[in-house]
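Reading through the structure tokens given below for one structure.
Only the coordinates and a few stated rules stand behind these numbers; no lab work does. Predicted, not measured: the structure shown is a model, and the values here were computed from it. Cβ coordinates were reconstructed from backbone atoms using ideal geometry, including for glycine residues, and neighbour counts include every protein chain displayed.
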Amino acid sequence: MTDMGILWQRQFVGICLFLFLHSCKGDLQVQQIWPDDNAHFNQTLTNILQPRVVGSAGHTNVKNFIVSELNTLGFDTEIDSFTQNVPIFGSVTFSNIVGVINSEADDFLALSCHYDSKYFANDPGFVGATDSAVPCAILLNTAKTLNSYLQQHFKNRKDLGLMLIFFDGEEAFREWSNDDSVYGSRHLAKKYSDTKTRSNIRHIDRIEVLVLLDLLGSANPKFYSFYANTDGLHKSMYDIERDLAKKRLLEGSNLMFINRPAQGFVDDDHRPFLQENVPILHVIPTPFPNVWHTSGDNAANLHWPTMRNFNKIFRSFVYEYLRRHREKVNLRNL
């Protein structure tokens, strides 16, 4: 495709999503400010912030905690467990966790992250705060702060459901490769590809967009748009952040979302879904946090104002997507 063709494609997709999310009123403005629940976020993060290597006691503790939280928040919860041989450990059992509201809906907004932590032989206490305890806490806190809307207004809709996916086994056990990485998402993508509805529609094709959060919680992150077909969704987050800042609802002056395309591809849990043509909104900072895959990726090095700001932005984005959804949004093949 020529440079002009790529530019036209990005503009076309942006216009389509502008009409959907922005309701023809200019840059997206937040219509309702949902209250924070910082106590819930902090406690949730505390419960997740422990070593969570697949097969460990900490991994089981966090898995059970996430399932309990989803059940408490009114989600239908499924555990997708499977056993596979991996480097170093041999046979291990993985467990993806999926929470759903409106399981019979035609389509889904899927919000995702991974909950396992990386294995380091020389650092058994590694907790992976940004990678990805904080994203897990953000997803659960989003569900908690929007719970009244989800249960009283969104529930039982036929056009759209909400899916929270906590992938297992994102981290490589020895060295990142196509085979030694994203174990859980590879399994779930295949399962959803092989599962069809009564209307003979693949379950994976019911996902309108997969939003993947990763490496969140450090100060001054920068988020760029990775995919042309979700550029409009990225622009919506950009607009929401600026609207909240204009309303003086954010802390500090650093803005996170950049209205420009990312340079290159970042491999992550979205890869198997991308290969099945699922539209991806990848929310990961580039460059990565400087604590990435070091012992410094812990609670002491998290930046709490940034996390509180991100919670506000992401909560508003999810609410606006669900609230404004009126018909099927097809971002495939764009």
Next on the checklist: Based only on other Cβ atoms within 10 Å, what is the fewest-to-most ordering of Ser181, Ser253?
Outcome noted: Ser253, Ser181
Item to check | Value at 222 nm in deg cm²/dmol, rounded to 500, when DSSP H runs of n ≥ 4 in the chain each add -39,500 (n - 2.57) | outcome: -10500 deg cm²/dmol
Checklist entry - Gain in length, Gln152 to Asn38, computed as 0.36 nm per residue apart minus the alpha-carbon separation, to one decimal in nm? => result 38.8 nm
Item to check | Per-residue ³J(HN,Hα) for the stretch 254-271, Karplus 6.51 cos²θ - 1.76 cosθ + 1.60, θ = phi - 60°, Hz, x for Gly and Pro | outcome: 6, 9, 9, 8, 10, 7, 8, x, 6, 9, x, 10, 10, 6, 5, 4, 6, 3
Checklist outcome for this item: Least to most buried among Phe65, Phe314, by other C-beta atoms within 10 Å and fewest first, runs Phe65, Phe314
Checklist entry - Given H placed on each backbone N at 1.01 Å, which residues far from Val266 in sequence or on other chains put an amide H within less than 5 Å of it? => result none
Item to check | At most 15 other Cβ within 10 Å, DSSP loop - trypsin sites (Lys or Arg not before Pro), the stretch 251-334 | outcome: Arg326, Lys328, Arg332
Checklist entry - Relative contact order for the chain: what is it in percent, counting Cα pairs under 8 Å that are at least 6 residues apart? => result 23 percent
Item to check | Pairwise centroid distance, computed over Cα atoms, of the stretch 188-206 with the stretch 44-65, Å | outcome: 30 Å
Checklist outcome for this item: Amide H proximity to Phe257 below 5 Å, modelled H, separation 5+ or other chain, gives Phe223
